[in-house]
Amino acid sequence: MSKPLQSVKGMNDILPEETALWLYLEDTVRHVFEAYGYQQIRMPVLEQTALFKRSIGEATDIVEKEMYTFEDRSGDSLTLRPEGTAGTVRAGMQHGLFHNQIQRLWYTGPMFRRERPQKGRYRQFFQIGVETFGMPGPDIDAELILMTARLWKKLGLKDLTLQLNTLGTAETRGRYREELISYFSASQDLLDDDSQRRLHKNPLRILDSKNPAMAELIAGAPTFEEYMNEESISHFQSLREILDQAGVEYEVNPRLVRGLDYYSKTVFEWITDQLGSQGTVCAGGRFDGLIEQFGGKDTPAIGFAMGMDRLIELLKDSGKEVASEPDVYFISMGEAAASRGLILADQLRDQLPELRLLSNCGGGSYKSQFKRADKSGARYAIILGDDEIANGTVSVKDLREGDQETVDQDKLAEFFKV
């Protein structure tokens, strides 16, 4: 006998009892972003593989190890998107969104990386992202951070710590890169396999290593501050002044480098200690050179992405509960009542759009329908039978208190308004 089919490892089902919390998160995010004037963009899940090699960088773990890449029947190399920034830039360039324009965009949806599944990190994961274009100053950097801080407040999430750093311009980053190669090459025998592989391709990622055996070596590495130009220093200082005035607490972390090649100047992360090793909840930074790298005009840009799976875990840990049960269960006894009940239920939905009303379908005895009503979690049951049809009434029973009363059908909306 063959084994029953299972979901792909690291790609999880989100069951009905969980979706209420997901919908709450999505609605809260949408309302916060719209309050700041951001517009939603939706991109394909599949993109050309070259898009991610050019943007993320061929020497990154994502491109080298984690992407789901395959050839289609035409021989084209396609990849399930591992992140959203590259697709947003591709869409913006393809549709002329960046030509002498300022854009504030956001997106949400599944991303795919073949990582080792663990709490808060899956092979299909859901991400919320924001990308802005055309604004070079630190004010937009600050706005993004203020917007995320407002989102945590709306969601009731506490104990999130903001870390900041600056990576300077592409020129200063290049000088710093060469200095890191020189520094780590002098102690190459102390580097682990991953760091040796990154040494000449992406040495900044060595600073991100969590290997305790390399902690002392990394602590002694040169810092960006030694290679920063005046423009980057001024930009970062202005950002910090805005955050100070707004009362947003943060830590400057000189080892914060982010894992993607396209970052420059401001980088930031919101982190927590409540998710074990997967402590980053939201991360982003500037990518001023990415559009030019794709063949477009030099365009300032900054954005961030947050993992929905991790936010859901934090909401669960905080005890957040979102009602998913119906308010009312409609019980209908007999064929005539079943037909009339569906119509009456729809009329009630027209009058009270916020009311969650579940109609019994599939027949059943009076007792079995009451069992379904109780199991549904509804507070009230509306009962319609032949006598009620003849009298133009229904019975309404409080399933928690046990009280029952007769209500005219044309007064139902008034009853539930209270």
Filter result for residue 63 (at negative phi, modelled with pLDDT of 95 or more and of a type in the set (A, V, I, L, M, F, W, C)): no
Close pairs (7 angstrom Cβ cut-off, 6 or more residues apart or separate chains): in contact (Cβ under 8 Å) with a residue 12 or more places away in the chain in the stretch 30-44, of a type in the set (Gly, Ala, Ser) and outside any loop (DSSP other than H, G, I, E, B) anywhere: 41/91; 43/87; 43/91
query: Within the bounds of the stretch 323-332, is there any residue that is part of a helix (DSSP H, G or I) and either of a type outside the set (S, T, N, Q) or surrounded by 12 or more Cβ atoms within 10 Å (Cβ to Cβ) (or both)?
result: no
query: Do we have residue 134 as assigned by TED's automatic domain parsing to the domain that holds residue 85, of a type in the set (Gly, Ala, Ser), under 27 Å from residue 81 (Cα atoms) and buried (at least 19 other Cβ atoms within 10 Å of the Cβ) here?
result: no
message: Looking only at the stretch 159-211, filter to residues that are touching a strand residue (DSSP E or B) at 6+ places or on another chain (Cβ under 7 Å) and farther than 27 Å from residue 279 by Cβ; which one of those is surrounded by the fewest Cβ atoms within 10 Å (Cβ to Cβ)?
response: 170
- request: Please indicate, with yes or no, whether at least one residue in the stretch 22-41 is loosely packed, with under 11 Cβ neighbours inside 10 Å and closer than 19 Å to residue 291 by Cα.
  value: no
- request: Within the stretch 20-35, identify whether any single residue is over 19 Å from residue 287 (Cβ atoms), modelled with pLDDT under 95 and under 19 Å from the mean Cα position of the chain (by Cα), and answer yes or no.
  value: yes
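Residues are listed down the side, and each one gets a yes or a no for (1) modelled with pLDDT of 95 or more; (2) touching a Phe, Trp or Tyr at 6+ places or on another chain (Cβ under 8 Å); (3) farther than 17 Å from residue 39 by Cβ:
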site	(1), (2), (3)
80	yes, yes, yes
86	no, yes, yes
91	yes, no, no
97	yes, yes, no
101	no, yes, no
107	yes, no, no
message: Just the residues that are part of a helix (DSSP H, G or I) and of a type in the set (Ser, Thr, Tyr), please, taken from the stretch 128-165.
response: 148
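The values are calculated or read from the model by the stated rules, or taken from the named source; none is laboratory data. Please read all numbers here as calculations on a predicted model, not as lab measurements. Every residue, glycine among them, receives a Cβ derived from its backbone with ideal geometry; neighbour counts consider all protein chains shown.
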